[in-house]
1. Using only Cα atoms, locate the centre of the range 5-77 and the centre of the range 171-204, then give the distance between them in Å, rounded to an integer.
2. When the helices in the chain are scored as -39500 (n - 2.57) per DSSP H run of 4 or longer and the sum is shared across all residues, what 222 nm value do you end up with, to the nearest 500 deg cm²/dmol?
3. Nothing charged except the Cβ atoms of Lys and Arg (+1) and of Asp and Glu (-1): what's the magnitude of the dipole of the range 1-246 about its Cα centre? Round to the nearest 20 debye.
4. Scan the range 24-64 for trypsin sites (Lys or Arg not before Pro) in coil per DSSP, keeping those whose Cβ has at most 11 other Cβ atoms within 10 Å, and list them by number.
5. Using a probe radius of 1.4 Å on heavy atoms only, what accessible surface per residue do you get for the chain? Whole Å² is fine.
6. Could you derive backbone 3J(HN,Hα) for the range 207-223 from the dihedral phi with the Karplus parameters 6.51, -1.76 and 1.60 (θ = phi - 60°), listing whole Hz in sequence and x where the residue is Gly or Pro?
7. Count charges around T228 for me, please; just the other residues with Cβ under 14 Å from its Cβ, Lys/Arg as +1, Asp/Glu as -1.
8. Put a dot 7 Å past each Cα toward the Cβ at Y28 and I11; how far apart are the dots in nm?
Amino acid sequence: MLKSTMVYYLILTTIPVAIISGFCIHWYTLQGEANPLKRLEHSRGIYLGFSFQILLFAWLLFQLGHARFSYPLYAIGFSFLGDWFNLQFPIAKKQMEDPVLGGIFSFAIAQVFFLLSFWKLVSWNEIYTGILPYAITGTLLVLPAVIFYFRVYNPNRSKWVMVSAFIYGLVLCFFVSLCINAYFTFGGVWIYLAIGAGFFLLSDAVMGETTINGTRHPKWEFQVPWVTYLIAQSFLLVGFFLVSHTRHLG
């Protein structure tokens, strides 16, 4: 039992650290290129490779957790599809005028599976007791909406992109509030889900202000969202795996 537990923790720590460290090393090699679009051109295949590594990590955890880990695997699968769209490969641009829209739809489906993963672990009545959980959820729905209006919304971009991004943002913020409320309620390994969801929100917030808005293109336009995204996916996968085991779900 002790040996198998050590193997679990080695897998849960070594693989994500290796992926994120690899990305940081790659990021360092881009320091000489200031143009974000040229950075993306050099990095598309590499970033999709990192995304595929996260997908393989999810598949490995699925093999270890079986039915308890099916929804997170589906979520990462649709996230991988969303990454392919967001990286704006030439073939994607031929199929869609704005591939980012395909990315938003893919990640919206991924968020649905993350929500299903969450509700498989806990019920509404377990975490929504008292005023605080509702206040946290309300804040995380209202505040991002205000930020979206002032920092993301661009009337010159496609209305489909703007509306879809706004709705997706609300779904993501709801998921983040669930993870935070669950941690406040249960503590322990739920911290992994809270941290993962927080980094996911940070990643999409930066992407919203830059790529989705379409008028701001800092040097790190793609690197900051990607490294925070890889951290988020890693924490979420580890969190769902550990929580599902601690709650003994079949």
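The values are calculated or read from the model by the stated rules, or taken from the named source; none is laboratory data. Note that the structure is a prediction, hence the values are computed from the model and not measured. Cβ placement follows ideal geometry from the backbone for every residue including glycine, while neighbour counts extend to all protein chains displayed. These area figures cover heavy atoms from the full protein model, side chains too; ligands, DNA and RNA do not enter into them. Shrake-Rupley method; radii C 1.70, N 1.55, O 1.52, S 1.80 Å.
1. For the range 5-77 versus the range 171-204, the Cα centre distance is 19 Å.
2. Result for the chain: -26500 deg cm²/dmol, rounded to the nearest 500.
3. Roughly 180 debye for the range 1-246.
4. Values: sites: K38, R39, R44; in loops: none.
Counting only loop positions with at most 11 other Cβ atoms within 10 Å, none of the trypsin sites (Lys or Arg not before Pro) in the range 24-64 qualifies.
5. On the way: 12180 Å² over 250 residues.
Per residue, the chain has an accessible area of 49 Å².
6. Each residue of the range 207-223 in turn: 5, x, 6, 9, 5, 5, 4, x, 10, 10, 9, x, 3, 9, 3, 9, 6 Hz.
7. -4
8. So the label points at I11 and Y28 sit 3.0 nm apart.
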